[in-house]
Amino acid sequence: MTTPPPLPQRLALTDGPFLVGDRVRGTTYVPPDSRKREAPEPFEGVVVQVGSGYPKVDADGDFLWSRLADHTERQSLVDETELVAREQES
């Protein structure tokens, strides 16, 4: 399985360390109430959303959504994610 290519055009700009279309790797975020049945796991994918998309949800930590090669998405905390590659801007 390969990671999907970065998006050809930026969808959003942020002041944060990641942009939509960046290739990242990190550890998935698992909410405390789900940790009995689900464990964090490493992933690599392409950023599809920066922030949760819900008001006040990012107060305890900044979230990031990434699409994996199998076309599923994973949520991670920005602090637990690193940049692998950024699309070159022309």
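Among the candidates F63, F43, the residue that is within 18 Å of L19 (Cα to Cα) and either loosely packed, with under 12 Cβ neighbours inside 10 Å or at pLDDT below 95 (or both) is uniquely F63.
For the structure I just gave you, tell me whether L83 is loosely packed, with under 15 Cβ neighbours inside 10 Å, farther than 18 Å from T2 by Cβ, at pLDDT 85 or above and not charged (D, E, K, R).
Yes: the conditions hold for L83.
Looking for something modelled with pLDDT of 95 or more, under 15 Å from the mean Cα position of the chain (by Cα) and polar (S, T, N, Q) - is there at least one such residue anywhere in the stretch 5-28? Within the stretch 5-28 (the criterion being modelled with pLDDT of 95 or more, under 15 Å from the mean Cα position of the chain (by Cα) and polar (S, T, N, Q)), the answer is yes, since at least one residue qualifies.
The values are calculated or read from the model by the stated rules, or taken from the named source; none is laboratory data. Fair warning: this is a prediction, and the values are worked out from it, not measured in the lab. Note that each Cβ is placed from the backbone with ideal geometry, even for glycine, and that neighbours are counted across all protein chains shown.
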